[in-house]
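**Student:** Mind having a look at this structure? Questions to follow.
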Amino acid sequence: MPPPPVEADAPAWAGALGAVHGRETRVRITVQGTREEAVVLHGLQVRTAARREPPATGGVYRMDQGCGGVLTPRAFEVDLDRRRPVARSVAGYGENGPIPAVSFPYRVSLRDPEVLLVTANAARCDCDWYLELEWSSGGRRGVVRIDDGGRPFRTSAIAGRPVYEYDTGARRWTAAGSGADAVSEGPGAEGHGGSAGPGPRAYPTSGTSAPPTADGASPPSWRKPARS
């Protein structure tokens, strides 16, 4: 296994090794109106494109040293193990302390965007999934799809799999427990969306292709299935 790259190169590094996000994927999205007219955001739906049993073999390679993250406003959690996952609003933390969970609807405009942080977890499945953001403005309604550059996100369970951390002093990967002990999966994917006509624009503000953000979110862990 080669040494881990700098965070900006993590997607290419993981893709070349056939790795996927282990246990948790964080998607941080900025939603902004395309005109001065306000846009109402009515809900965020989770769509499961595929559901598989997690790979029986393979290791988990952590891209961090256990640093935690602070949630930004408009935080959501998704349990991918449910038959019909939902994006559940949860409390977060900001510069001035705790921020209570606030459910839809929200209002955005060209000058007043919103930031959504979605944390999706998989403890028992290997899931492909994406998001749909429902909006309305001036009598018009629509849906913006949010995915990983045109493909679904993929999050795989890691329970029972060996976990490795990179020892920079020894310049090698070392054992760090099992998948049940891995506690710091950070933002592992970018969210990509689009806009049509008067609807909102949804675009990523952080992910594996950008440095850690001000909210302190940590880099991802990658699950590498064993080759057959």
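The values are calculated or read from the model by the stated rules, or taken from the named source; none is laboratory data. In this text, all values refer to a predicted model and were calculated from it rather than measured experimentally. Because the Cβ atoms are built from the backbone with ideal geometry, glycine has one as well, and the counts that use them run over all protein chains shown. With ligands, DNA and RNA removed, areas are computed over all heavy atoms of the protein, side chains included. Shrake-Rupley method; radii C 1.70, N 1.55, O 1.52, S 1.80 Å.
**Student:** Within the stretch 64-163, which trypsin sites (Lys or Arg not before Pro) sit in a loop by DSSP and count at most 10 neighbouring Cβ atoms inside 10 Å? Provide the component values of the computation, followed by the final result.
**Tutor:** Working: sites: Arg74, Arg82, Arg83, Arg88, Arg107, Arg111, Arg124, Arg140, Arg141, Arg145, Arg154; in loops: Arg74, Arg82, Arg83, Arg111, Arg124.
Those that pass, being in a loop and sparsely packed, are Arg83, Arg111.
**Student:** Could you tell me what percent of the accessible area of the stretch 35-135 is made up of carbon and sulfur, with a 1.4 Å probe and every protein chain present? Don't skip to the answer; put the middle values down first.
**Tutor:** Working: 2590 of 5390 Å².
C and S atoms contribute 48 percent here.
**Student:** Which loop GluC sites (Glu not before Pro) in the stretch 1-61, with loop taken from DSSP, have no more than 15 other Cβ atoms within 10 angstrom of their Cβ? All intermediate terms of the calculation are to be shown ahead of the outcome.
**Tutor:** On the way: sites: Glu7, Glu24, Glu36, Glu37; in loops: Glu36, Glu37.
Sites meeting the loop and neighbour criteria: Glu36, Glu37.
**Student:** Return the equivalent ellipsoid semi-axes of the stretch 15-57 as a descending list in whole Å, where each equals the square root of 5 times an eigenvalue of the C-alpha gyration tensor.
**Tutor:** Taking √(5λ) for each eigenvalue gives 34, 14, 8 Å, largest first.
**Student:** Taking only protein heavy atoms into account and a 1.4 Å probe, give the accessible area per residue of the stretch 1-155 in Å². If you can, show how the numbers build up before the last one.
**Tutor:** Values: 7730 Å² over 155 residues.
Spelled out: the 1.4 Å probe surface of the stretch 1-155, per residue, equals 50 Å².
**Student:** For Val102, what is the net charge nearby, where nearby means another residue's Cβ is under 13 Å from its Cβ and Lys, Arg count +1, Asp, Glu -1?
**Tutor:** Details: positive: Arg74, Arg88, Arg107; negative: Glu114.
Once positives and negatives cancel, what remains is +2.
**Student:** If each residue of separation counts as 0.36 nm, what is the full-extension length gain between Asp167 and Thr48 once their alpha-carbon separation is subtracted?
**Tutor:** Difference between extended and current length: 39.2 nm.
**Student:** Where in the stretch 1-106 are there chymotrypsin sites (Phe, Trp or Tyr not before Pro) that are in a DSSP coil and have at most 12 other Cβ atoms within 10 angstrom of their Cβ? Don't skip to the answer; put the middle values down first.
**Tutor:** Details: sites: Trp13, Tyr61, Phe76, Tyr93, Tyr106; in loops: none.
Of the chymotrypsin sites (Phe, Trp or Tyr not before Pro), not one in the loops of the stretch 1-106 has a Cβ with at most 12 other Cβ atoms within 10 Å.
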